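Accompanying notes for the structure given below.
The values are calculated or read from the model by the stated rules, or taken from the named source; none is laboratory data. Quick caveat, the model's predicted, so the values are computed rather than measured. Note that we place each Cβ from the backbone using ideal geometry, even for glycine, and neighbour counts take in every protein chain shown.
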Amino acid sequence: MMGVSFVSTVPSVLPLQAQVASSPPPPPPYSSSFAAAVAPPARSVVVRCKMENSVADGKELSRRDVLKCVGASIGIELIASSGSFVELAHAADLIQRRQRSEFLSNVKDTLYTAIKGNPDLIPSLLTLALNDAMTYDKASKSGGPNGSIRLSSEISRPENKGLSAAMNLLEEAKKEIDSYSKGGPISYADLIQYAAESAVKATFLASAIRKCGGNEEKGGLLYTAYGSNGQWGLFERQFGRSDTAEPDPEGRVPQWEKASVKEMKDKFSAIGFGPRQLAVMYLFLGPDQKATETLLATDPDVSPWVQKYQRSRETVSQTDYEVDLITALTKLSSLGQQINYEAYTYPVPRVDLGKLKL
């Protein structure tokens, strides 16, 4: 019997996560310099095998004996580094999260600029998001915020009258967003809901500026200090809706400016909302927001909530009103949608086991 040693040079991937997490993701395709930067050094494993044949007796090592030792070398190394492959997958996930976060940040900047230049379209942007989502039907699990409102046969319906200008604004914003997107075009479903987020933030910022006598700098500081911007976290994770190619069925969305409070309550109830959500989303219910709020205050179920939010808006922080509005919009914007959490990301390096060196 004799001992024979083999050296395995399977690359170790243990240090990969720390290196990737501390380095910004490169643009696709990944360059050779990036691959070299994150490639870990080879790790050697010495495997000693006993052979049944003896060279001293003049016999050569059998092919089977050699293959046994090679197999043992690979197997031991893969067992030792199995946790490393898990860490590699985790590192890739961190890269994708960062890609999505950076892309969303750029999207919000584009929408903020577009809305700031067209503040008169804020009510229409809010109604656009509401009407796209209000087509949701719990029984059939169809409709919802799927971008169908962009289609000509749907945007031309009576309940969507006056929303074309808001849609045109988003079309122009989409062109800019798609021009810098590295992970494919943004969906209309996402674009419409995130435009509503930007529009809501614009209304809170405008309120803070008014509280500061029209001083924009002081108003911005006031909103930063007392606003509930951090409450948007869950909403912003719902980034990856898919567009439908067909319009949603007619008759699912009321004409808000003509609807009675009962009709509004019934529609909100049909998607799982109650008087509280109806009261807090009065800004979304048509162009004449003050008239809508006054109408809602006449209903005994909705009136207490209307009064609650009126009092909240008079405070510096507006916490009750702002938090409840963000919560309602977050739920509304994800009705019936399957979120693709890999949307807008681009490929990360993969380990090719076929190229591992022995």
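Criterion first (surrounded by 17 or more Cβ atoms within 10 Å (Cβ to Cβ) and either assigned to a helix (DSSP H, G or I) or not polar (S, T, N, Q) (or both)) does ALA279 satisfy it?
Values: surrounded by 17 or more Cβ atoms within 10 Å (Cβ to Cβ): yes; either assigned to a helix (DSSP H, G or I) or not polar (S, T, N, Q) (or both): yes.
Against the criterion (surrounded by 17 or more Cβ atoms within 10 Å (Cβ to Cβ) and either assigned to a helix (DSSP H, G or I) or not polar (S, T, N, Q) (or both)), ALA279 qualifies.
Return yes when ILE95 is within 14 Å of GLU250 (Cβ to Cβ) and buried (at least 19 other Cβ atoms within 10 Å of the Cβ) and no when it is not.
Values: within 14 Å of GLU250 (Cβ to Cβ): no; buried (at least 19 other Cβ atoms within 10 Å of the Cβ): yes.
Judged against the criteria, ILE95 is not a match.
Got a sec? Which of LYS141, LYS175, LYS182 is under 24 Å from GLY233 (Cα atoms), surrounded by fewer than 21 Cβ atoms within 10 Å (Cβ to Cβ) and not aliphatic (A, V, I, L, M)? Spell out how you get there, then give the answer.
Values: LYS141 fails: under 24 Å from GLY233 (Cα atoms); LYS175 fails: under 24 Å from GLY233 (Cα atoms).
None of the other options fit; the residue is LYS182.
All but one of (1) without any contact (Cβ under 8 Å) to a residue 24 or more places away in the chain; (2) in contact with a Gly (Cβ under 8 Å, 6 or more places away or on another chain); (3) not aromatic (Phe, Trp, Tyr) hold for SER142, so report the exception by its number.
(1)
Which count do you get for residues in the range 259-276 that are surrounded by fewer than 16 Cβ atoms within 10 Å (Cβ to Cβ) and not in a loop (DSSP other than H, G, I, E, B)? Can you show your working first?
The initial filter retains those residues of the range 259-276 that are surrounded by fewer than 16 Cβ atoms within 10 Å (Cβ to Cβ), namely 260, 262-263, 266, 269-270, 272, 274.
This time we only want the ones that are not in a loop (DSSP other than H, G, I, E, B), so: 262-263, 266, 269-270.
Residues meeting the conditions: 5.
Report whether or not PRO300 is out of contact with any Lys or Arg (no Cβ under 6 Å at 6 or more places or on another chain), part of a loop (DSSP other than H, G, I, E, B), at pLDDT 95 or above and over 22 Å from LEU234 (Cα atoms).
Details: out of contact with any Lys or Arg (no Cβ under 6 Å at 6 or more places or on another chain): yes; part of a loop (DSSP other than H, G, I, E, B): yes; at pLDDT 95 or above: yes; over 22 Å from LEU234 (Cα atoms): yes.
Yes, satisfied.
Assess whether GLY162 counts as being assigned to a loop (DSSP other than H, G, I, E, B), under 19 Å from the mean Cα position of the chain (by Cα) and among the small types (Gly, Ala, Ser). Talk me through it step by step, then tell me what you get.
On the way: assigned to a loop (DSSP other than H, G, I, E, B): yes; under 19 Å from the mean Cα position of the chain (by Cα): no; among the small types (Gly, Ala, Ser): yes.
No, not satisfied.
Out of the range 209-225, which residues are surrounded by fewer than 17 Cβ atoms within 10 Å (Cβ to Cβ) and not in a loop (DSSP other than H, G, I, E, B)? Steps first, answer last, please.
Taking the range 209-225 and keeping what is surrounded by fewer than 17 Cβ atoms within 10 Å (Cβ to Cβ), we get 210, 212-218, 220-221, 224-225.
Scanning the range 209-225 gives ARG210, GLU216, GLU217, LYS218, GLY220, LEU221, THR224, ALA225.
Only one of these is in the same structural domain as LYS201 (by TED's automatic domain parsing), closer than 17 Å to LEU128 by Cα and out of contact with any Asp or Glu (no Cβ under 7 Å at 6 or more places or on another chain): LEU283, LEU295. Name it. Break it down stepwise before answering.
Working: LEU295 fails: closer than 17 Å to LEU128 by Cα.
Exactly one residue qualifies, and that residue is LEU283.
Right, THR345: under 32 Å from the mean Cα position of the chain (by Cα), of a type in the set (Ser, Thr, Tyr) and either at pLDDT below 95 or outside the structural domain of ILE209 (by TED's automatic domain parsing) (or both) or not?
So THR345 fits the description; yes.
Taking LYS267 as the residue in question, decide whether it is free of Cβ contacts under 8 Å to residues at least 40 places away in the same chain and either out of contact with any strand residue (DSSP E or B) (no Cβ under 6 Å at 6 or more places or on another chain) or among the β-branched types (Val, Ile, Thr) (or both). Lay out the reasoning, then the answer.
On the way: free of Cβ contacts under 8 Å to residues at least 40 places away in the same chain: no; either out of contact with any strand residue (DSSP E or B) (no Cβ under 6 Å at 6 or more places or on another chain) or among the β-branched types (Val, Ile, Thr) (or both): yes.
When the stated conditions are applied, LYS267 does not pass them.
Under the condition of being surrounded by 17 or more Cβ atoms within 10 Å (Cβ to Cβ) and more than 20 Å from PRO119 (Cβ to Cβ), which residue from the range 185-208 is farthest from the chain's Cα centre (by Cα)?
Per the stated criteria, the residue is TYR188.
Take the residues in the range 237-246 that are surrounded by 18 or more Cβ atoms within 10 Å (Cβ to Cβ) and in contact with a Lys or Arg (Cβ under 9 Å, 6 or more places away or on another chain); name whichever of them is farthest from SER140 (Cα to Cα).
Step by step, filter the range 237-246, then rank; the result is PHE239.
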